[in-house]
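One structure is given below, encoded as structure tokens.
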Amino acid sequence: MNEKTDIVKQIILDYDQSLEIKTISRPKDGYSNSVYFITFTNDLHLELVLKFIKANDNTEVMFYQLLHENNVENFLVPKILKFDSTIRNYYISSKLSGFPLSHSWDSMTHEQRLKIYRELGRFVGQLHSKYTYEKCGYLKNQEFYCWKEMFCTIIEKQIEKFKGTIFEELGMKIYKYLFENIHLIDYEIVPRLLHIDLHCGNILILNDTVTGILDAEDAVIGHNEYELMRIEKGHFEGNETDDYRKEFLSIYTTYVKLDDDYDKRRRFYSLSRELVAIQCLIDFGEQYVQNSSIEQEMKIIEEKIQHIVHFDKK
């Protein structure tokens, strides 16, 4: 990390010459994020985050800045202190307190978990209700007049990446199902701001309270149910109890009502999420599957396809 550490030191020096670096560390979680935590000897209360981002992709910066523009306390996201896209492509931000929900989940009581999902339902509900748009698209440009068009574009780009890999046939099965059932989302929606990646590792908590939301680099403007599906799969799928899902939706729906036939579209969107899982298998391989194997994960995805297709034919 020496070469990168020297770059980090120079960036902080350019940001504020009065700061004396004490430590530079990396988060333990995450597969590819180039994130650094920096503490200082002459300001013990200050801790900054430096994140290197992809060239020409300031989505996360725009998301954080947008939520801070309105100074809404409920939108607990990092504050951007400096953004540089000229040479090294990075931003410096405040560091939020708390630890990933994934670190604390096993030690939490049922009531503590319910409280977290009430707060998450409030955050997502307020996000979706406050930030609405005329068109769908990305934060830099809203270029799609209908969500169906944008969704199809997203799916086609994902499928293209599977060509020539061991996942090509599996990806085409999902593609076939989605386009045979595309009528399910062929209706007018209200385009809303979506975080898109609210898994347990991106939700910070402290003392049973949500203290922050991280990693908004995939944020888009689209159908709120697309985000709800991802939350349901990441947090509620396979649970022995439905309590957490009910608690989350009971708060969320006080801000945004669910359209009729939500469950049908939830299954539809759920299968599209498996394309993301396949992409992670391609990008990260055994590191992504951890205690499983790529072959086992492929089998699990195949079973999910069969389950959804069979259910919809009933």
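The values are calculated or read from the model by the stated rules, or taken from the named source; none is laboratory data. Please read all numbers here as calculations on a predicted model, not as lab measurements. Neighbour counts run over all protein chains shown; Cβ positions are idealised from the backbone, glycine included. Accessible surface areas use protein heavy atoms only, side chains included; no ligands, DNA or RNA. Shrake-Rupley method; radii C 1.70, N 1.55, O 1.52, S 1.80 Å.
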- Solvent accessible area, Å² - CYS152, 1.4 Å probe, full protein context: 20 Å²
- Item | Sum of -39500 (n - 2.57) over DSSP H runs of 4+, divided by residues of the chain (222 nm, nearest 500) | -15000 deg cm²/dmol
- Pairs over 28 Å Cα to Cα, from LYS130/LYS163; LYS157/LYS299; LYS176/LYS264; LYS79/LYS157, come to LYS130/LYS163; LYS79/LYS157
- Task: Note down the net charge around ARG26, summing +1 for each Lys or Arg and -1 for each Asp or Glu among other residues with Cβ under 12 Å from its Cβ.
- Result: +2
- When only the heavy atoms of the protein chains count and the probe is 1.4 Å, how do TRP147, TRP105 rank by accessible area, highest first? TRP105, TRP147
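Under the classification rounded if a/c is under 1.5, otherwise prolate if a/b is larger than b/c and oblate if not, where does the chain fall, given a ≥ b ≥ c as square roots of the Cα gyration tensor eigenvalues?
prolate
What is the dipole size for region 200-240, taken about its Cα centre, with +1 at each Lys and Arg Cβ and -1 at each Asp and Glu Cβ, in debye to the nearest 20?
The dipole of region 200-240 has a size of about 60 debye.
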- Determine the shape class of region 1-142: with a ≥ b ≥ c the square roots of the Cα gyration tensor eigenvalues, call it rounded for a/c under 1.5, and otherwise prolate if a/b is greater than b/c, oblate otherwise. oblate
- Farthest towards the positive end of the dipole of the chain, among TYR36, GLY201, GLY222 and with Cβ unit charges of +1 on Lys and Arg and -1 on Asp and Glu, lies the Cα of GLY222
- Note on the structure: Expressed as a percent, the accessible surface of the chain that is carbon or sulfur, using a 1.4 Å probe and the full set of protein chains, is 47 percent
- Task: Mind checking the per residue accessible area of region 151-232 for me, 1.4 Å probe, whole number of Å²?
- Result: 40 Å²
- Query: Put SER272, SER104 in order of accessible area, largest first, 1.4 Å probe: what do you get?
  - Reply: SER104, SER272
- If we sort 189-195, 241-247 on the protection proxy, mean other Cβ atoms within 10 Å, highest first, what's the order? 189-195, 241-247
- For region 83-150, run through the GluC sites (Glu not before Pro) and keep only the ones in DSSP coil with at most 15 other Cβ atoms within 10 Å of their Cβ. GLU134, GLU143
